[in-house]
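Report on the following structure.
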Amino acid sequence: MINFSSIANIPRIIFNPKLLQPSLTYQNFNEINFELLKTKHGIKYIVLDKDNCISADKSSRIYPLYLQNNWNDGLLKHFPLENILIVSNSMGSSDDPGFSQVHQYQRNYQLDSNTSSILPILKHNYKKPGCQSAIIHHFENTHPNSNVKSEHIAVIGDRLFTDILMANQMKSLGVYLQQGVMLKKSSPWIMLEQCIYNYVFLH
Ligand SMILES: [Mg+2]
């Protein structure tokens, strides 16, 4: 389904291309230094994209090589599960009727991790970048005694026009996964993002 929330921002991006500029760039999830996010950048909360970030596209489980490595040894070592939120523009969005994908993903996580913990996944009406207030509300609800500030949130994902744009609009830390799980298929939109990244931000 067309993401109007992202397209509506194009005029703003033309005037201010830095809205698409990541704060940090890694090739994939296993490369992310979560200790550094916490100690150097003051990050307390982690927002994770799903497709091509922690999962292969359309998969309903965490990519096994990530689950066995940086999920447990990096992410969960430095951030408790209640400080983590998965925000996807497929699972949990208006494209997921009855949130069946959310329930499947949470069941798979319990099986794959041999845990009874429920993975926090946002159920939202507005796709990224339009679900900023829903993210803040989620963390305020799970941490009623904390003053949740958006600058303490890192948004991690593989797309400039959704994940990184949202991070910058919120004044959070945008962590861009340039490659992700798989070689990205060259849709015109992804080719445009790669051109912007290579020629605007690396030069
Ligand atoms: Mg993605």
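In sequence order, segment 64-74 has phi-based couplings of x, 5, 7, 4, 6, 10, 6, 5, 7, 7, x Hz under the Karplus curve 6.51 cos²θ - 1.76 cosθ + 1.60, θ = phi - 60°, and Gly or Pro positions carry x. What is the Cα centroid distance between segment 58-104 and segment 146-201, reported in whole angstrom? Cα centroid to Cα centroid, the span is 17 Å.
Pairs of Cα atoms under 8 Å, at least six residues apart: use those to get the relative contact order of segment 24-201, whole percent. Once divided by the residue count of segment 24-201, the mean separation gives 29 percent. Taking the chain as the region of interest, the number of lysine pairs whose Cα atoms are within less than 15 Å, with members eight or more places apart or on different chains, is 15. Using all pairs of distinct alpha-carbon atoms, the Kirkwood hydrodynamic radius of the chain works out to 17.0 angstrom.
Bear in mind these aren't lab numbers, they're just calculated from the coordinates by the rules spelled out. The shown structure was predicted, so the numbers you read here are calculated from the model rather than taken from an experiment.
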